[in-house]
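The values are calculated or read from the model by the stated rules, or taken from the named source; none is laboratory data. For clarity, every value in this text was computed on a predicted model and none was experimentally measured. Reconstructed Cβ throughout: ideal geometry from the backbone, glycine too, with neighbour counts over all protein chains shown.
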Amino acid sequence: MNDAVDLTVLYATHDALRRELAHLDRLTTAADRDPRQVLTTAAGWTLLKNALHAHHTAEDDALWPPLRRGLAGRPKDLALLEVMEAEHAAITPVIHAIDAALADPGGGSLPLGQLTDALVRGLAGHLEHEEEAAFPLIRRELTAGQWDRFSRVHAQRIDQDALLLPWLLDGTDAPTAQRLLARLPPPAHAACTGRWIPAYAVLDRWGADGAGSGGSAADADGSTRHRPAPGRPPQE
């Protein structure tokens, strides 16, 4: 096991995606709300799509390729990487179908509720599969240099949207927040704590869903209000 490979950012990203999937599921199953009306303008839907795109493209571009090279001659492990990439590819059309249904209510072949349910179930299943099967492989096989490069690419993709880092910090425990903030150069750290976090804190991500406000993100001074951290393997 390679102690230089710290999966904190991957677990934090997965937790944030699960959090948003829970909001999306509540929104689309609530009897007293019109999910189409909310999703059309919801900041939470846009952030979820942007975060998922940043995360998956970083993995596709900078994680799976070096891992595949190191696994040459090991067909079982290589097959797992093919499955990971196939699961990524299967999620994107569902998102496009949801956007198409929102843009043209009469033109879709599937109701919005079925599409969002497919996204919630499909993405949740992928996250669990990746953690159980791919994360141990990453820890064992990736070199420190390969992991550093992936971490830089992932950070660059996340940093393309100023709200995604506060989104990622939302509800994290103190050690995780400190690790994520520590990677920032001083100007970006100042911008994050001084502008991005306050902007996120007042954002209503999912309309009238009070739990979907950004109020549980890191506070403007960089401190955080936390939910309990889920159990993780040692050293994560």
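Restricting attention to region 54-67, which residues are in a helix (DSSP H, G or I), in contact (Cβ under 8 Å) with a residue 24 or more places away in the chain and not hydroxyl-bearing (Ser, Thr, Tyr)?
Taking region 54-67 and keeping what is in a helix (DSSP H, G or I), we get 54-62, 64-67.
Checking the rest, the ones that are also in contact (Cβ under 8 Å) with a residue 24 or more places away in the chain come to 54-62, 66-67.
Once the filter is applied, which keeps residues that are in a helix (DSSP H, G or I), in contact (Cβ under 8 Å) with a residue 24 or more places away in the chain and not hydroxyl-bearing (Ser, Thr, Tyr), region 54-67 yields 54, 55, 56, 58, 59, 60, 61, 62, 66, 67.
Count, please, the residues in region 144-189 that happen to be of a type in the set (S, T, N, Q), surrounded by 17 or more Cβ atoms within 10 Å (Cβ to Cβ) and over 25 Å from residue 21 (Cβ atoms).
Start the filter on region 144-189 by keeping residues that are of a type in the set (S, T, N, Q), which leaves 146, 151, 156, 160, 172, 176, 178.
Still in the running and surrounded by 17 or more Cβ atoms within 10 Å (Cβ to Cβ): 146, 151, 172, 176.
Those still in the list that are over 25 Å from residue 21 (Cβ atoms) too: 146.
Here the count works out to 1.
The residue that is nearest to the chain's Cα centre (by Cα), among those in region 84-107 that are within 22 Å of residue 151 (Cα to Cα) and in contact (Cβ under 8 Å) with a residue 12 or more places away in the chain, is 88.
Out of 65, 35, I need the residue that is surrounded by fewer than 17 Cβ atoms within 10 Å (Cβ to Cβ), over 18 Å from the mean Cα position of the chain (by Cα) and over 23 Å from residue 168 (Cα atoms). Which one?
Exactly one residue qualifies, and that residue is 65.
Of everything in region 1-25, what is modelled with pLDDT of 90 or more and either in a loop (DSSP other than H, G, I, E, B) or more than 11 Å from residue 127 (Cβ to Cβ) (or both)? Give them in sequence order. Before you say what the answer is, go through the steps one by one.
Narrowing region 1-25 to residues modelled with pLDDT of 90 or more: 5-25.
Those that are modelled with pLDDT of 90 or more and either in a loop (DSSP other than H, G, I, E, B) or more than 11 Å from residue 127 (Cβ to Cβ) (or both): 5, 6, 7, 8, 9, 12, 19, 20, 22, 23, 24, 25.
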